[in-house]
Amino acid sequence: MNILPPGSTIGILGGGQLGRMLALAAAQLGFDVCVFTDEPDSPASRVAARTFVGSYLDSAALGDFARHVQVVTSEFENVPAHTADALIAAGVRVCPNPRALAVAQDRFDEKSFFNAHGIATPRFAAVASQGDLDTACVEIGAPAILKTRRLGYDGHGQIRIHGVGDAAGTYEKLGAPGILEGFCPFEREISIIAARGADGAIAFYDLCENEHSGGILSRTILPARVGAAVVVHAQQAARLVLEAFDYIGVLTIEFFVMRDGSIIANEMAPRVHNSGHWSIEGALTSQFEQHVRAIAGWPLGPTTRTADIEMVNLIGDDAHSWSELAADPNARLHLYGKRDARAGRKMGHVTRLKRA
Ligand code: AMP
């Protein structure tokens, strides 16, 4: 892979806050960024050199975008397969490997992939009808969670099934092909953020401990309260996934930590991740810079954590407290420039460092 010198242009699919923070990190290393998004006035476009607004299915628009960039990456995993194909056909490199995007888009394929690589998941079954759901409920037992196979995020597209008798009519409520997962009575949730460079080098960030509220990440702390074996197992899983996809860039895997210390993979994100935002102030190389380095063919940077961390998401109205947060010398405030603070919308985050 050729190394992109400063002054090259990086293309980002998607205009959300992850794209915005990627663009800021790319600028720090002397790159320009072009964003491709289907939304005018996106958080990323306001810090990018140029934005192409168009449909992810419009080959001509994607071809035009491809002519202006030297590599394309993505800030969301639900990039249609057509988009990656059109960009590759236009002759531009797409990182990470679109195969990783495709697997991460479908919860059934993702969990099957994990299991095929020896990574434990909750018990699961594909569900394409009420009959499938009834059978799966008997096989997996209750409690269980019915999720859409595709396009689920932040707890959307999920229905809890408390008892085997509760499933009647539930498939219709889901309204799309699904997956039934056994409920994991976890002790805590963690994520690992890992990166693989074009030279095959792999770097891991310290494990993140995550708290969710209503299916949305609300708080991340480091160090995660887990033993050394959990770190080893999470790193082994991340290495397996990175190598299986010949992956270049940052990848995240979320796990449940069980009472016996075992870890169970919930999902992966082939991208930078909300639970890694602390790395902007709390690591020698942020996850955003790391991703830019990897896709540009640069060496990975050191991932050393420099402090104990608390990162809190500002969701919906939380962002209205910006003036108090701005006055708190211990709060590093990030606002994403979203125009309206709708309920459940990630508006920004705050990181607090406690020097170790
Ligand atoms: P997801 O969209 O799959 O990441 O789910 C959002 C959140 O729901 C997770 O972070 C967990 O807190 C919870 N959750 C999802 N799947 C399960 C499961 N199989 N067992 C227990 N909790 C789950």
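For this structure, a couple of remarks:
- Some residue of region 136-146 being open to solvent by less than 40 Å² (accessible area, probe 1.4 Å), under 30 Å from Ala60 (Cα atoms) and without any contact (Cβ under 8 Å) to a residue 60 or more places away in the chain: no
- Selected residue (criterion: farthest from Asn313 (Cα to Cα)) from residues of region 145-169 that are of a type in the set (Lys, Arg) and either assigned by TED's automatic domain parsing to the domain that holds Gly344 or more than 8 Å from the ligand (Cβ to nearest atom) (or both): Arg149
- Residue match in region 275-298 (condition: at pLDDT 95 or above, on the phi > 0 side of the Ramachandran plot, outside the structural domain of Gln17 (by TED's automatic domain parsing) and buried (at least 22 other Cβ atoms within 10 Å of the Cβ)): no
- In region 170-214, the qualifying residues are those that are β-branched (Val, Ile, Thr) and within 30 Å of Asp132 (Cβ to Cβ), and the one that is farthest from the ligand (Cβ to nearest atom) is Thr170.
- Members of region 242-264 found to be within 16 Å of the ligand (Cβ to nearest atom) and either touching a His at 6+ places or on another chain (Cβ under 6 Å) or open to solvent by less than 10 Å² (accessible area, probe 1.4 Å) (or both), listed by number: Leu251, Thr252, Ile253, Phe255, Val257, Ile263
- Counted residues, region 120-150 - those being part of a loop (DSSP other than H, G, I, E, B), under 21 Å from Phe256 (Cα atoms) and of a type outside the set (Lys, Arg): 6
The values are calculated or read from the model by the stated rules, or taken from the named source; none is laboratory data. What you see is a predicted model; the values in this text were computed from it and never measured. Cβ coordinates were reconstructed from backbone atoms using ideal geometry, including for glycine residues, and neighbour counts include every protein chain displayed. To get the accessible areas, we keep the full protein, side chains included, count just its heavy atoms, and leave off ligands, DNA and RNA. Shrake-Rupley method; radii C 1.70, N 1.55, O 1.52, S 1.80 Å.
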